[in-house]
Amino acid sequence: MVAKRYLITCLLLIISAQSFAQQTQKARMPEFMDQRFGMFVHFGPITLRGTEIGWSRNKEVAQADYDSLYKEFNPVLFNADNWVKAAKDAGIKYLVITAKHHDGFCLWPTKLSDYNIMNSPFKRDIVGELAKACKKQGMIFGIYCTVLDWHDKNYPIQNPYDSTKNVKGDITAFKATMKGELKELITKYDPYLLWFDGYWEKPWTNADGREIYYYIKSINPNILVNNRLGKVSEVLSNESVGDYLTPEQRIGQLNMNEPWESCITICQQWAWKPNDQMKSLKECIQTLVKTAAGNGNLLFNVGPMMDGRIEGRQVTRLKKIGDWMKTYGSSIYNTKGGPFVPNDNLASTRKGSKIYIHVFKSAGNTLTIPTLPNVVINKATLFNGEKVEVKQSGKTIQLTLPDKLPDDNDNVVILDINQDAEKLPVIKA
Ligand code: H79
């Protein structure tokens with residue numbers, strides 16, 4: 001009898017937690033998706049070697065060396081306000097810092113592990129300083145953590161490249177530590193979102209992910225959580241754990257039903273690498289545009305240098321993206337993707353009665369797009385006010401652009417139509 005009552009109470013708790021979480025998701029997701037542009041920051045002692053965070057341990061860098069780097073980690077030129085300003089200047093609206101990556105090193109003074117920033121010569125709370133700078137400058141603040149921890153003896157995988165170095169582990173004890181760390185992160189820094197990694201890990205189950213998800217939401221139901229806390233799938237279903245999809249190093253496909261965010265690096269590596277190949281301004285801008293045009297967000301990654309600064313050429317690149325956004329931001333923020341499915345020649349976004357056609361390639365100065373059924377185009381202009389000629393014939397619309405196009409990276413045509421563009425069905429362009 002008692003057991004039965006206990007079971008019913010548990011079930012009720014789970015059900016109410018679930019609907020509560022879903023309510024939260026409904027309220028916050030659209031607001032988050034309206035931001036469109038975030039900055040991912042991968043940072044840690046490994047910047048001293050210039051190899052990849054996490055995955056270079058036991059590869060390019062010997063384990064003993066990797067695990068000792070924190071003793072020399074001293075990014076004396078770290079200035080949280082400068083990072084946030086670099087993001088702001090790019091037109092970025094939210095920032096996500098790797099508080100703990102797979103190597104287990106914590107960038108905040110946690111009570112749960114000695115492997116943290118207070119035991120480095122730097123002895124400053126990087127997560128805390130960033131949270132504060134974000135608040136000051138009006139930047140949404142998010143925290144990355146991962147379900148792996150190669151440093152924690154309770155986590156069964158200590159060296160993914162050599163299973164003989166692995167241990168039995170204790171996932172229950174591990175989850176207790178994880179909850180302790182999350183509680184610290186949430187109560188100290190009040191993150192808007194938690195960005196989890198690690199869905200591929202064998203010792204981690206979907207049920208483990210769900211437990212942590214509800215733990216987070218029980219502390220603050222408003223915190224958004226990405227889908228990598230559970231066993232990820234390409235679509236969000238009842239089985240998924242998390243509030244949005246997160247394709248990595250690729251632009252997600254147009255999806256009007258499920259929220260998503262692509263994480264993509266400004267160079268090749270997540271963590272800083274000397275002379276890493278940087279994306280051109282055009283590639284950066286078109287990556288952002290194609291993401292928005294697919295109805296998703298872009299979490300654009302930078303890896304600051306070992307001295308704590310973001311590389312000058314990256315700061316300049318970010319500033320140039322911001323200059324473009326100053327003119328064209330209204331075609332990105334708060335818009336929906338579509339109605340045209342993005343392709344190599346064009347992508348589109350929409351808001352109210354406006355469709356923004358982003359022109360990447362045109363045949364001469366003519367762009368042909370499919371007809372929009374039952375739609376009257378009242379006006380077509382570029383952002384500088386120049387007129388674009390519109391000719392409807394049969395199944396296509398021809399847009400004649402001025403001979404000299406104003407922008408080298410993406411020219412945007414604004415179509416003003418006689419109805420709500422956000423309600424139009426998706427059309428293959
Ligand atoms: O933090 C960044 C990556 O380090 C992290 N996600 C982004 C945000 C990430 N870690 N692992 N993965 C993504 C996917 C796993 C890739 C692997 Fe491999 C393939 C692990 C082993 C095979 C890449 C190739 C790393 C080692 C070899």
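The values are calculated or read from the model by the stated rules, or taken from the named source; none is laboratory data. All values derive from a computational prediction rather than experimental measurement. Here the Cβ positions follow ideal geometry from the backbone for every residue, glycine too, while neighbour counts run over all protein chains shown. Note: areas computed on protein heavy atoms with side chains; ligands, DNA, RNA excluded. Shrake-Rupley method; radii C 1.70, N 1.55, O 1.52, S 1.80 Å.
Odds and ends about this structure:
- Test: residue in the range 299-321 that is closer than 27 Å to Asn206 by Cα, in a loop (DSSP other than H, G, I, E, B) and in contact (Cβ under 8 Å) with a residue 60 or more places away in the chain: no
- Summed over the range 143-182, residues that are in a helix (DSSP H, G or I) and either farther than 14 Å from Ser113 by Cβ or within 16 Å of the ligand (Cβ to nearest atom) (or both) total 6.
- Top-ranked residue of the range 137-167 - restricted to ones that are hydrophobic (A, V, I, L, M, F, W, C) and closer than 30 Å to Met33 by Cβ, ranked as most open to solvent (accessible area, probe 1.4 Å): Ile140
Quick grid of which residues meet (1) more than 30 Å from Asn82 (Cβ to Cβ); (2) in contact with a helix residue (DSSP H, G or I) (Cβ under 8 Å, 6 or more places away or on another chain):
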| residue | (1), (2) |
| --- | --- |
| Lys135 | no, no |
| Ile143 | no, yes |
| Ile171 | yes, yes |
| Met178 | yes, yes |
| Leu185 | no, yes |
| Leu193 | no, yes |
| Phe196 | no, yes |
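- Any hit, the range 59-68, residues being within 27 Å of Gly337 (Cβ to Cβ), within 16 Å of the ligand (Cβ to nearest atom) and not aliphatic (A, V, I, L, M): no
- Test: residue in the range 237-248 that is surrounded by fewer than 21 Cβ atoms within 10 Å (Cβ to Cβ) and within 13 Å of the ligand (Cβ to nearest atom): yes
- Residue identified as within 21 Å of the chain's Cα centre (by Cα), more than 16 Å from the ligand (Cβ to nearest atom) and more than 20 Å from Asn154 (Cβ to Cβ) among Lys123, Lys135: Lys135
- Checked against (1) out of contact with any Phe, Trp or Tyr (no Cβ under 9 Å at 6 or more places or on another chain); (2) at positive phi, Ser280 meets all criteria but (2).
- Restricted to the range 354-373, and to residues there that are in contact (Cβ under 8 Å) with a residue 12 or more places away in the chain and in a loop (DSSP other than H, G, I, E, B), the residue that is most open to solvent (accessible area, probe 1.4 Å) is Lys361.
- Of the criteria (1) open to solvent by less than 10 Å² (accessible area, probe 1.4 Å); (2) out of contact with any Ser or Thr (no Cβ under 9 Å at 6 or more places or on another chain); (3) in a helix (DSSP H, G or I), which one Leu194 fails: (3)
- Subset of the range 27-61 that is open to solvent by less than 60 Å² (accessible area, probe 1.4 Å) and of a type in the set (Gly, Ala, Ser) - its residue that is farthest from Pro221 (Cα to Cα): Gly50
- Subset of the range 197-218 that is acidic (Asp, Glu) and either free of Cβ contacts under 8 Å to residues at least 60 places away in the same chain or within 16 Å of the ligand (Cβ to nearest atom) (or both) - its residue that is most open to solvent (accessible area, probe 1.4 Å): Glu211
- Residues satisfying the stated conditions in the range 397-429, i.e. modelled with pLDDT under 95 and in a strand (DSSP E or B): Lys428
- Test: residue in the range 313-326 that is at pLDDT below 95 and more than 16 Å from the ligand (Cβ to nearest atom): no
- Residues in the range 326-353 that are open to solvent by 10 Å² or more (accessible area, probe 1.4 Å) and either farther than 17 Å from Met256 by Cα or in a loop (DSSP other than H, G, I, E, B) (or both): Lys326, Thr327, Tyr328, Ser330, Tyr333, Asn334, Pro342, Asn343, Asp344, Asn345, Gly352, Ser353.
- The range 260-278: number of residues that are open to solvent by 30 Å² or more (accessible area, probe 1.4 Å) and away from the ligand (no atom under 14 Å from the Cβ): 4
- Subset of the range 384-396 (residues that are in a loop (DSSP other than H, G, I, E, B) and either open to solvent by less than 90 Å² (accessible area, probe 1.4 Å) or under 17 Å from Tyr328 (Cα atoms) (or both)): Asn384, Gly385, Glu386, Val388, Gly394
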